[in-house]
Amino acid sequence: MVSIDTYNACVDFPIFDAKSRSLKKAVVSSAGGAIGKNASNTVVVEALKDINLHLREGDRVGLVGHNGAGKSTLLRLLSGIYEPTRGVADVRGRVAPVFDLGVGMDPEISGYENIIIRGLFLGQSRRQMRAKIDEIAEFSELGDYLNMPLRTYSTGMRVRLALGVVTSIEPEILLLDEGIGAVDAAFMAKARVKLAEMVKRSGILVFASHSNDFLAQLCTTALWVDKGQIKEAGLVSDVVSAYEGPEAGGYVADLVRRFHGEAAV
């Protein structure tokens, strides 16, 4: 059975002595969260604290909160990129992480070869990925560049290739971050259509976004993440109302009625 269960899960990043100023700066800027000390008296950034989630097939959960609140760290915890420092994270099912799009790709090999490698990273077989190459090539619109090494690609071209791969699979658990990269508006509009189709095929969705329209379209419940903790949980409209105010919550409620019907509000 596809499921996500976390029990008081915490993710801490240790901050070492003053000689490690560059490491301190990098970790603090990427993690956010509160600063404290662990049992060894080492200064740590508490990126996530006491996260309790219990999700099952059919759940569509949005993550809201300001930049640095812990949304991306939570996605990385659920994907297995981060292990909990304390507590438990038990994720069962084939995970498709639509963030960190460069993971599982090799700059020295061609786009076509990277389609296979990225697919293997996402749990697909070589045979499955070979069958999808033409579809992915057409979606990415990269043409002859697919014969070139990935190091010759711009950032936007790499995102196109990675999105083409990830939207071609059948995920059991889809972890999606809307801020996924630098591509032109027309291509992102096209990618959103494919992502929406992918969401319908997935068992569980966890989606971090600043777009209330997109949250209302794809999610039925939401979590407000603040300083590494879950501050509010409930229906999308209720959580947005708590986070942004009643006017934003009312707007989302109207959208949810349009997309999902009265029962989802």
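The values are calculated or read from the model by the stated rules, or taken from the named source; none is laboratory data. These numbers were taken from a predicted model, which means no experiment stands behind them. Heads up, the Cβs are rebuilt from the backbone with ideal geometry, glycines too, and the neighbour counts pull from every protein chain shown.
Which residues, taken from segment 136-155, are in a helix (DSSP H, G or I), surrounded by 14 or more Cβ atoms within 10 Å (Cβ to Cβ) and of a type outside the set (A, V, I, L, M)? Walk me through how you get there before you give the answer.
Of segment 136-155, the ones in a helix (DSSP H, G or I) are 136-140, 143-147, 150-152, 155.
Filter once more, so that each one left must be surrounded by 14 or more Cβ atoms within 10 Å (Cβ to Cβ): 136-137, 139-140, 145-146, 150.
Of everything in segment 136-155, those that are in a helix (DSSP H, G or I), surrounded by 14 or more Cβ atoms within 10 Å (Cβ to Cβ) and of a type outside the set (A, V, I, L, M) turn out to be Phe139, Ser140, Tyr145.
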Of all the strands (runs of 3 or more DSSP E) wholly in segment 3-91, which have at least 1 residues that are farther than 20 Å from Ile204 by Cβ and modelled with pLDDT of 90 or more?
-> 3-15, 43-56
Determine if segment 242-250 includes at least one residue that is modelled with pLDDT of 90 or more, aromatic (Phe, Trp, Tyr), in contact with an Asp or Glu (Cβ under 9 Å, 6 or more places away or on another chain) and closer than 27 Å to Thr167 by Cα.
-> no
